[in-house]
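The values are calculated or read from the model by the stated rules, or taken from the named source; none is laboratory data. What you are looking at is a predicted structure, and each value in this text was computed from that prediction instead of being measured. So basically every Cβ, Gly included, is an ideal-geometry build from the backbone, and we count neighbours across all protein chains shown. Keep in mind that these areas ignore ligands, DNA and RNA; they rest on the heavy atoms of the full protein, side chains included. Shrake-Rupley method; radii C 1.70, N 1.55, O 1.52, S 1.80 Å.
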Amino acid sequence: MSNNAKRVRLLRELANGLFTLRIFANPEIKWRLNAAIEKWLAWERHHRAAHELRPRFQELIGHLYVYGQYSPVLEVPYLEFTEAFYTAESQALYETCDSARDFAKECKIRIQEEEQRAREVLSPKSWDEVRKTTERQLLNSRLKWLASNALPAIMDAKALDELADLYDLFSRAAGHKVLANAFKEYVQNNVKAIVKDEARDEEMVERLLECKSFAETAISTAFVDIVRDEDEPRASTSDTPPAKQPHKEFGYALLDAFQGGFKARRKKPAEMIAKYLDKAMRRGQKGASDEEFDRALDAALSLYRFTDDKDVFRTFYRRGLAKRLLLQRSASDDFEKAVLKKLKEQFDPEFETGDDMFKDLALSRDMLAEFHQKLAEDDPAHKLSVTVLQQSVWPFTPNATVDLPTFMQDQLNRFTVFYKNKHQGRKLEWDHNLGTANLKARFKAGSKDLSVSLHQAVILLLFNDTDEISFTDIQASVHMEDGTLRRTLQSLACGKKRVLKKRPAGPDVNDGDVFLYNAEFTDSRPRVHINTIQVKETPEEAKRTQTAIEGDRKHILDAAIVRIMKAKKQMRYEQIKNDTIEAVKKHFVPEVSVIKQRIQQLTEQEYMRRDEDDMNLYIYVA
Amino acid sequence: MDGALPLILAWQLRTKEMAKITREEWVKGMTELRISSLSVLALALRDLEDLLILDKPPIKRLSTPASSLDGPYNRERYFDYALRKKEAFVELYQFCFGLAKTEGSRNIDIEMAVPFWSVLVVPKYPIMSDILEFINEKGTFKGVNKDLWQMTLDFCESVSRNLDNYDADGAWPTMLDEFVSWKKSKQGEKERKGQVGGA
């Protein structure tokens, strides 16, 4: 039996061998087969449909298998035709598509068509090769062009599905890096444009947050790979949607983009982030849940990571914090403390917690209670509120002086005596700039509670005795700094809530003006807050802060350079430069030319000198 | 006297103050140089100008072994300078910084430095006239400290006029860095204009 079977097999081999030799090795037949495959494929690709003779090809493939001729006769030419076709097609699409976006869409369709045809016609072992050939020829030489042209347009249009398709194309061509670079470029350009748009500085942070939030959405929804858990049995994955994981290259690209984009403008972004947080902390949650508010703050804080100007942020944040706390403008002390803690722990170990500020305020409350306790029950000083601050802890410099009415000054003097008894040797200085007062004022339409600044109060109280006072007389009674006086009068007589009238009327305060009590004043509310004009930080003030920061930076640089030179005695310029940048980087990133200037200055002041023979070597002078 | 001559005279007499020679300084200097007439003084100063500023070949000694009686005045010092021209020029250049400086100050005013540079350095190194043009155009420089004074000469000595051997990472004073970027942008402008003209 075995002999028989062997013989039959041999016979078959013989027959097949002969057939193969006669038919498939025949150049004429070979050529005709090849031409037929080419023609059929070309037709299908041109008409983008299945040719009516496709079933014959499937039969042919069956035969080829039997003779072991599938690969040489069909697969190899099929792949060659595919390669040639898509090389040309890629060029044609590149030339005819209106945009890179259209090109990407067309590629997606083409790849799908090829995959489908392969599945319907070819043996499974060829499917992958056909798909890969198609992708390679369509995409490989155009990745850069496609990424840098399609991605910005799709991002601008916020078309997330299309973005996911684009990502899919690039994954196929292993072009993650190219696409991530285009993504970085796009985000960085946006960030740059936003921070440099001086006309819209006020919206800078909102716009940055919006830009970042959309980029993050793109990362978490479009630039994702499906994670296949190898251990899980296949059946269970069909129930739950497959887990998706953002490609990490894009997360890094986003960070780089923001970091780079922020460098387009020095200092201002740091200032605006601090001010944005100031506004948020004043406004408070306003109906948002703790979590939502937390998230909003976190988003703004996350921008802080990207600025090199840590010192600028710290300065502006502290000023905002101090004003909020002192003037009780903060929505919540707990949130203040939580944000400070977060700043220190997660963003900036150099950040001062502000504990000293809270301590001052708490001590003041206790001390004031003690002061009030010792007063007679009907003493008007019960209404006096005093906060004692340590000068070194708060970013205020008491400077404005004003002559208070005697009864006010009396109360303050009594407090001073009380304080000095408790703490001998300490000096109290009053900062009336920060003071506030509540007045009861009677108008024709009824009485109102006025909530005003101390400066406003001092002026209004003059009208207890008379209805009409000239500018010069007011100045003589209160001795306020000229600019402050004019601004204060302006807020009372030219603002929205005019409790005073001015003669002649007008928006500015002039030397010859006379001010009158406005008996006709009305307001829908019983309690009226009269805005002061300097509540908002003036541009000069912001500029002053910036100049102060500039000065601090010089000192920090000088100190760092001297410290470095003292330790090393002599050092090359390049090394001094690098070490200095390293030494101050937790505060700011200095410009090289500024470091050079400081070295020059220190050389001039003979802290160090340049070596006589080697111009790049500096020597510490003890 | 014009150009560098007054400075050379001051240097030779080691005068303490600018444009002022004390009797003592004068007598001592003239004795050392054995000069007894104004025409010989003029000759002596021109000799030094030719040697150090205008870079002319030195005068040869008339006799060997050297005799101090050679020539119309005592040229011992001159022959010494001729052997170490570069050092001698640096000596003159450094002396001038001290001369221009007012007592107790670390800097000299830019208004003082500019004419000094133009008579001392411009004839030797044409790039100096570009630096002066830059200083004039910028108009914001005020003082020149010792280091800048020294480094400006080093810069002129070592950097070619087209700046191709300038090292941006070197520790040049910022004024010179700024000069380089000013000059480079000017050169760029010229090239662009040239291209437009040629097209």
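Computed quantities for the displayed model
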| read-out | value |
| --- | --- |
| Matching residues, segment A:376-418, being buried (at least 16 other Cβ atoms within 10 Å of the Cβ) and among the hydroxyl-bearing types (Ser, Thr, Tyr) | A:Thr387 |
| A:Arg553 being more than 14 Å from chain B (Cβ to nearest Cβ) and either among the polar types (S, T, N, Q) or closer than 30 Å to A:Phe443 by Cα (or both) | no |
| Criterion violated by A:Ala542 - all others in (1) open to solvent by 50 Å² or more (accessible area, probe 1.4 Å); (2) within 28 Å of A:Leu454 (Cβ to Cβ) satisfied | (1) |
| Output for segment A:347-360, where each listed residue is under 24 Å from the mean Cα position of the chain (by Cα) and surrounded by 14 or more Cβ atoms within 10 Å (Cβ to Cβ) | A:Phe347, A:Asp348, A:Phe351, A:Glu352 |
| Selection from segment A:406-443 of residues that are of a type outside the set (Gly, Ala, Ser) and either farther than 19 Å from A:Ala381 by Cβ or part of a loop (DSSP other than H, G, I, E, B) (or both) | A:His423, A:Gln424, A:Arg426, A:Lys427, A:Leu428, A:Glu429, A:Trp430, A:Asp431, A:Asn433, A:Leu434, A:Arg442, A:Phe443 |
| Close pairs from segment A:72-90: first farther than 17 Å from A:Pro27 by Cβ, partner crowded, with 19+ Cβ neighbours inside 10 Å and charged (D, E, K, R), Cβ under 8 Å, at least 6 apart | A:Thr82/A:Glu114; A:Tyr86/A:Arg110; A:Glu89/A:Arg110; A:Ser90/A:Arg142 |
| Matching residues in segment A:595-604 - criterion: being open to solvent by 30 Å² or more (accessible area, probe 1.4 Å) and within 8 Å of another protein chain (Cβ to nearest Cβ) | A:Gln597, A:Gln600, A:Glu604 |
| Options A:Lys497, A:Lys501, A:Lys566: the member that is among the basic types (Lys, Arg) and within 30 Å of A:Asp613 (Cα to Cα) | A:Lys566 |
| All positions within segment B:119-152 that are within 13 Å of chain A (Cβ to nearest Cβ), touching a residue at least 40 places away in the same chain (Cβ under 8 Å) and surrounded by fewer than 20 Cβ atoms within 10 Å (Cβ to Cβ) | B:Lys146, B:Gln150 |
| Search result, residues across segment A:263-298 that are in a helix (DSSP H, G or I) and under 29 Å from A:Pro590 (Cβ atoms) | A:Lys268, A:Pro269, A:Ala270, A:Glu271, A:Met272, A:Ile273, A:Ala274, A:Lys275, A:Tyr276, A:Leu277, A:Asp278 |
| Pick from segment B:163-177, criterion closer than 12 Å to A:Ser593 by Cβ and open to solvent by 30 Å² or more (accessible area, probe 1.4 Å), ranking: nearest to the other protein chains (Cβ to nearest Cβ) | B:Asp177 |
| Of residues in segment B:178-194 being surrounded by fewer than 17 Cβ atoms within 10 Å (Cβ to Cβ) and of a type in the set (Asp, Glu), the one nearest to the other protein chains (Cβ to nearest Cβ) | B:Glu189 |
| Matching option when the condition is aliphatic (A, V, I, L, M), touching a helix residue (DSSP H, G or I) at 6+ places or on another chain (Cβ under 8 Å), without any contact (Cβ under 8 Å) to a residue 24 or more places away in the chain and within 13 Å of chain B (Cβ to nearest Cβ), among A:Val621, A:Val592 | A:Val592 |
| Residue check for A:Lys184: part of a helix (DSSP H, G or I), out of contact with any strand residue (DSSP E or B) (no Cβ under 9 Å at 6 or more places or on another chain) and not polar (S, T, N, Q) | yes |
| Residue match in segment A:261-280 (condition: more than 30 Å from A:Ser171 (Cα to Cα), of a type in the set (Ser, Thr, Tyr) and open to solvent by less than 50 Å² (accessible area, probe 1.4 Å)) | no |
| Pick from segment A:283-328, criterion open to solvent by 40 Å² or more (accessible area, probe 1.4 Å) and among the basic types (Lys, Arg), ranking: farthest from A:Thr436 (Cα to Cα) | A:Arg305 |
| Any pair with Cβ under 8 angstrom, 6 or more apart, that starts in segment A:374-394 at a residue that is more than 14 Å from A:Glu429 (Cβ to Cβ) and without any contact (Cβ under 8 Å) to a residue 40 or more places away in the chain and ends at one that is polar (S, T, N, Q) and open to solvent by less than 30 Å² (accessible area, probe 1.4 Å) | A:Pro380/A:Gln411; A:Ala381/A:Gln411; A:Leu384/A:Gln411 |
| Segment A:605-614: number of residues that are open to solvent by less than 60 Å² (accessible area, probe 1.4 Å) and more than 9 Å from every other protein chain (Cβ to nearest Cβ) | 3 |
| Selected residue [of a type in the set (S, T, N, Q), exposed (fewer than 13 other Cβ atoms within 10 Å of the Cβ), free of Cβ contacts under 8 Å to residues at least 40 places away in the same chain and not assigned by TED's automatic domain parsing to the domain that holds A:Ala445] from A:Thr547, A:Thr472 | A:Thr547 |
| Cβ pairs under 7 Å, 6+ apart, first in segment B:82-107 and within 14 Å of another protein chain (Cβ to nearest Cβ), second open to solvent by 60 Å² or more (accessible area, probe 1.4 Å) | B:Phe97/B:Lys146 |
| Failed condition for A:Lys501, given (1) closer than 23 Å to A:Trp430 by Cα; (2) more than 45 Å from the chain's Cα centre (by Cα); (3) not hydrophobic (A, V, I, L, M, F, W, C) | (1) |
| Any hit, segment A:137-153, residues being free of Cβ contacts under 8 Å to residues at least 12 places away in the same chain and either hydrophobic (A, V, I, L, M, F, W, C) or in the same structural domain as A:Leu53 (by TED's automatic domain parsing) (or both) | no |
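Conditions tested, residue by residue: (1) of a type in the set (S, T, N, Q); (2) more than 21 Å from the chain's Cα centre (by Cα); (3) modelled with pLDDT of 90 or more; (4) under 23 Å from A:Gly354 (Cβ atoms).
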| residue | (1), (2), (3), (4) |
| --- | --- |
| A:Thr237 | yes, yes, no, no |
| A:Gln245 | yes, yes, no, no |
| A:Ala253 | no, no, yes, no |
| A:Asp256 | no, no, yes, no |
| A:Pro269 | no, no, yes, yes |
| A:Tyr276 | no, no, yes, yes |
| A:Ala299 | no, no, yes, yes |
| A:Tyr304 | no, no, yes, yes |
| A:Phe313 | no, no, yes, yes |
